[in-house]
Amino acid sequence: MARLPLHLLLLLILLQVAYALGSSNKTRVPALLVFGDSLVDPGNNNVLPTIARSNFPPYGRKFSGQKPTGRFSNGKLPSDFLASALGLKELLPAYLDPQLKPQDLLTGVSFASAGTGYDERTANFWSVISVGDQLKLFKEYMEKLKAVAGEETGKSIVSRSLYVVCAGSNDMLFTYFENPINLKSYDVDTYIGFLLDTASTFVQELYRLGARKIAVAGLPPLGCLPSQRTLAGGILRKCVDIYNEAAVLYNSKLTEELHRLGSMLAGSTMPYIDLYSPVYNLIANPSAYGFEEVSKGCCGTGKLEFAILCNRLNPETCEDDSKYLFWDSYHPTEKASDVIVEKVFKKLEASL
């Protein structure tokens, strides 16, 4: 049997070592695939006929050339920081981005749509893509992935990737608390139960399609969002207790459901992503993280503006957004997202 040339033998050994090191890294996943709402939508809504958009200044002013991308932030989203922490890429692109390249599919995309939720009525209100319909995009993605990577590699990427689902806030705020009809039709427990049933069905469908590592985010302290302080926090704009209590209840039941699904679905890992604690800690201890303003956003007055109301014509928009926890009245600044993901990733990493 002919011997391999020394340089080829060394190359083969290096490749084997690299593969072994990559395989031993528990956090190493081939791609990040994200579903949900504006917290993780990098611009899918840019191509939709909806007012739930942010592809105009001053959104995106942290990017080179202050380029608005459709992200509801002054810069990067939590999903971008997560993709970076996983060693995949700096920015997680929108699946519907017309400039998306075939190779982008290999390391992940976001199917998220700002304004959406588990409840179809939430998506219909904003004319956006429901979380359920994002599954249709994922199925389309899988076919494109196989065309780019091949059948077997495509299946491997699907089964080994990390999936993140982030939704529910719009359902609780817009479809429940701010809708008099639904307030009369459901009590909080009943509506939360409905959302969790829908979320559970979504996760099980992802599993059926081949996903095995599915992380689901809970709700942040909804009552402390600047918009909710303004709308329901009284003259002092305090955090709204009833909204925060609903978020805590939802998160508790979501944790239980993910534990049940994880034990029921063979080979699955279903970690819960706690958004409530890190965001609340930032609000309670802002100076520890370099923040000075946590009750209003940077854009405009910061009390109600978001989407089309957060525009370049707002003379009040702050100059130094690094001091702000919130960019607009609903969404965190790039700096806040970085801090939140740093805290979340430590726990998420341990579960992968």
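The values are calculated or read from the model by the stated rules, or taken from the named source; none is laboratory data. For clarity, every value in this text was computed on a predicted model and none was experimentally measured. Positions of Cβ are backbone-derived with ideal geometry, glycine not excepted, and every protein chain shown enters the neighbour counts. Side chains included, ligands, DNA and RNA excluded: accessible areas come from the protein's heavy atoms. Shrake-Rupley method; radii C 1.70, N 1.55, O 1.52, S 1.80 Å.
Summary table
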| quantity | calculated |
| --- | --- |
| Enumeration of residues in the stretch 234-261 that are among the charged types (D, E, K, R), open to solvent by 60 Å² or more (accessible area, probe 1.4 Å) and part of a helix (DSSP H, G or I) | Asp241, Glu245, Lys253, Glu256, Arg260 |
| Per-region count, the stretch 169-193, residues among the small types (Gly, Ala, Ser) and more than 19 Å from Pro226 (Cβ to Cβ) | 2 |
| Filter pass, Ser295 being open to solvent by less than 60 Å² (accessible area, probe 1.4 Å), over 30 Å from Gln204 (Cβ atoms) and either assigned to a helix (DSSP H, G or I) or in contact (Cβ under 8 Å) with a residue 24 or more places away in the chain (or both) | yes |
| Test: residue in the stretch 208-225 that is open to solvent by 30 Å² or more (accessible area, probe 1.4 Å), in a helix (DSSP H, G or I), closer than 22 Å to Ser130 by Cα and of a type outside the set (S, T, N, Q) | yes |
| Top-ranked residue in the stretch 146-163 [being touching a residue at least 24 places away in the same chain (Cβ under 8 Å) and touching a helix residue (DSSP H, G or I) at 6+ places or on another chain (Cβ under 7 Å); ranked as surrounded by the most Cβ atoms within 10 Å (Cβ to Cβ)] | Tyr163 |
| Among (1) open to solvent by less than 60 Å² (accessible area, probe 1.4 Å); (2) over 22 Å from Gly154 (Cβ atoms), the one test that Leu91 misses | (1) |
| Which numbered condition Ser227 misses (of (1) farther than 23 Å from Pro78 by Cα; (2) in contact with a Phe, Trp or Tyr (Cβ under 6 Å, 6 or more places away or on another chain)) | (1) |
| Selection from the stretch 171-185 of residues that are surrounded by fewer than 16 Cβ atoms within 10 Å (Cβ to Cβ) and in contact with a helix residue (DSSP H, G or I) (Cβ under 9 Å, 6 or more places away or on another chain) | Glu178, Leu183, Ser185 |
| Any hit, the stretch 262-277, residues being outside any helix (DSSP H, G or I), buried (at least 23 other Cβ atoms within 10 Å of the Cβ), within 21 Å of the chain's Cα centre (by Cα) and among the charged types (D, E, K, R) | no |
